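Asks: Can you read through this structure? Questions will come right after.
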């Protein structure tokens, strides 16, 4: 279990122990310096205390061997260099004295030595440096023991204070955990610590996006149910007319109407499924690939040639630049161009004209935008027709789902341009509606250019 409270406790205690260790070492060095100064003073005082002793004379009693706990070593020479006394016979010390303080290393230990000439003798006092090290360590340890004993108390205090500081997060988690699934109101930010405020703001932004997505989904379901109710009711009526047909010709006419009603209902369902798949944020997105937009435009022109001939529409292309590449979903782009051509053909009177163009450059007029303008829209797709067009005041409305102009008599679901807008948003494209050079409607989709074709 990854506990933030336990992690903070271990981290803080670890940092405190490291600081105490550094402080203990510094205390040891300080104590060692003070002990060295004090012990050097004792070496000198002990040497000076022997100045009035007479060594080597018959009337002078010899010095009593020191107690084993006595860690000083005394060595005395006469003025001829003859050693008169050594307090610890087995100690390994230099046979010659160097006056003053010295640190001497021998096979036995490292010694701190003080030598001084007094009257007709040379007196040398030595002490192992290890003794001083133990004394300094003991002094540092005695200093740190009270602090070390407080570490458990310090750990408990840190545990309590960290837990108290994390209480706002626990309250936030409890509030989120007790909410209903449909409660998407923002979390209160009052009283939240500064460190937790970015988390609360991010959660509120997420809740706002979820609320927007759910509202759009509810609206979509409601609109879809409303739109499906009419064709289903018509199908029921047509089925009843088929059942009541008096003769074979009336039955065939009723079956023909029923078939057209089924085709309209199937087309509406297919449009709804296409719109649902093309919605931003759905999981049906595919990885974008680099495609030649003019190549997809040619395929769509070929697919709609039969429909254009049946409607007596002159369908063609004025410019198809094969050097322009677009990063996107080929199937989505095919749906976008297909819907634009289908709308243009259906709403253009017989004998009219529909032209498609894929070219480089920016649009000449700024009009209705269905998506934020891209930083660079260098690849443009334009579909122009000679139909009745759309008044400027309604150009934004026709991009909404299920919106159909009152003046139109063409059958449809009102989803074609909504699907175009959704696909354009997915590709970061700019959507513009304007008047065409032929008097009808011109729809432009500006894509960020993905590069240029490199010729072999």
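The values are calculated or read from the model by the stated rules, or taken from the named source; none is laboratory data. The model shown is predicted, which means the values in this text are computed figures rather than measured ones. Here the Cβ positions follow ideal geometry from the backbone for every residue, glycine too, while neighbour counts run over all protein chains shown.
Asks: Could you tell me which of the residues 383, 354, 445 is in the same structural domain as residue 318 (by TED's automatic domain parsing), more than 43 Å from the chain's Cα centre (by Cα), modelled with pLDDT of 65 or more and part of a strand (DSSP E or B)? Quick ask: steps written out before the conclusion?
Replies: Values: 383 fails: more than 43 Å from the chain's Cα centre (by Cα); 445 fails: more than 43 Å from the chain's Cα centre (by Cα).
Among 383, 354, 445, only 354 is in the same structural domain as residue 318 (by TED's automatic domain parsing), more than 43 Å from the chain's Cα centre (by Cα), modelled with pLDDT of 65 or more and part of a strand (DSSP E or B).
Asks: Quick check on this structure: which one of 344, 327, 306, 371 is under 12 Å from residue 443 (Cβ atoms) and modelled with pLDDT under 90?
Replies: Testing whether each residue is under 12 Å from residue 443 (Cβ atoms) and modelled with pLDDT under 90 leaves just 344.
Residues are listed down the side, and each one gets a yes or a no for (1) over 21 Å from residue 136 (Cα atoms); (2) at pLDDT 75 or above; (3) part of a strand (DSSP E or B):
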| site | (1), (2), (3) |
| --- | --- |
| 35 | no, yes, no |
| 38 | no, yes, no |
| 42 | no, yes, no |
| 57 | yes, no, no |
| 61 | yes, no, no |
| 76 | yes, yes, yes |
| 84 | yes, yes, yes |
| 89 | yes, no, no |
| 92 | yes, no, no |
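Asks: Ok, one more. Scan the range 100-118 and tell me whether some residue there is more than 30 Å from residue 78 (Cα to Cα) and either within 58 Å of the chain's Cα centre (by Cα) or surrounded by 12 or more Cβ atoms within 10 Å (Cβ to Cβ) (or both).
Replies: Step one: of the range 100-118, the residues more than 30 Å from residue 78 (Cα to Cα) are none.
No, there is no match, as no residue in the range 100-118 is more than 30 Å from residue 78 (Cα to Cα) and either within 58 Å of the chain's Cα centre (by Cα) or surrounded by 12 or more Cβ atoms within 10 Å (Cβ to Cβ) (or both).
Asks: Let me ask something else about it. Pull out all pairs, ordered by first then second residue, where Cβ-Cβ is under 6 Å, the residues are six or more apart or on different chains, the first lies in the range 33-46 and is in the same structural domain as residue 117 (by TED's automatic domain parsing), and the second is buried (at least 17 other Cβ atoms within 10 Å of the Cβ) and not in a helix (DSSP H, G or I).
Replies: If the second residue must be buried (at least 17 other Cβ atoms within 10 Å of the Cβ) and not in a helix (DSSP H, G or I), the pairs left are 43/114; 43/125; 44/114; 46/125.
Asks: Let me ask something else about it. Report, by residue number, each residue of the range 321-359 that is touching a helix residue (DSSP H, G or I) at 6+ places or on another chain (Cβ under 7 Å) and within 19 Å of residue 438 (Cα to Cα). Give the derivation first.
Replies: Of the residues in the range 321-359, the ones touching a helix residue (DSSP H, G or I) at 6+ places or on another chain (Cβ under 7 Å) are 321-322, 324, 326, 330, 332-343, 345, 354, 356, 358.
Listed by number, the residues that qualify are 340, 341, 342, 343, 345, 354, 356, 358.
Asks: Would you call residue 364 assigned by TED's automatic domain parsing to the domain that holds residue 381, modelled with pLDDT of 85 or more and over 20 Å from residue 295 (Cα atoms)? Reasoning before the result, please.
Replies: Values: assigned by TED's automatic domain parsing to the domain that holds residue 381: yes; modelled with pLDDT of 85 or more: no; over 20 Å from residue 295 (Cα atoms): yes.
For residue 364, the condition - assigned by TED's automatic domain parsing to the domain that holds residue 381, modelled with pLDDT of 85 or more and over 20 Å from residue 295 (Cα atoms) - is not met.
Asks: Can you tell me which residue within the range 164-188, out of those that are in a loop (DSSP other than H, G, I, E, B), free of Cβ contacts under 8 Å to residues at least 60 places away in the same chain and within 25 Å of the chain's Cα centre (by Cα), is nearest to residue 212 (Cα to Cα)?
Replies: Here is the first cut: in the range 164-188, the ones in a loop (DSSP other than H, G, I, E, B) are 166, 178-188.
Now restrict to residues that are free of Cβ contacts under 8 Å to residues at least 60 places away in the same chain: 178-188.
Filter once more, so that each one left must be within 25 Å of the chain's Cα centre (by Cα): 184-188.
Numbers: 184: 10, 185: 12, 186: 13, 187: 16, 188: 19 Å.
The qualifying residue nearest to residue 212 (Cα to Cα) is 184.
Asks: Only one of 151, 158, 76 is surrounded by 13 or more Cβ atoms within 10 Å (Cβ to Cβ) and over 30 Å from residue 23 (Cα atoms). Can you tell me which?
Replies: Being surrounded by 13 or more Cβ atoms within 10 Å (Cβ to Cβ) and over 30 Å from residue 23 (Cα atoms) holds for just one of 151, 158, 76, which is 76.
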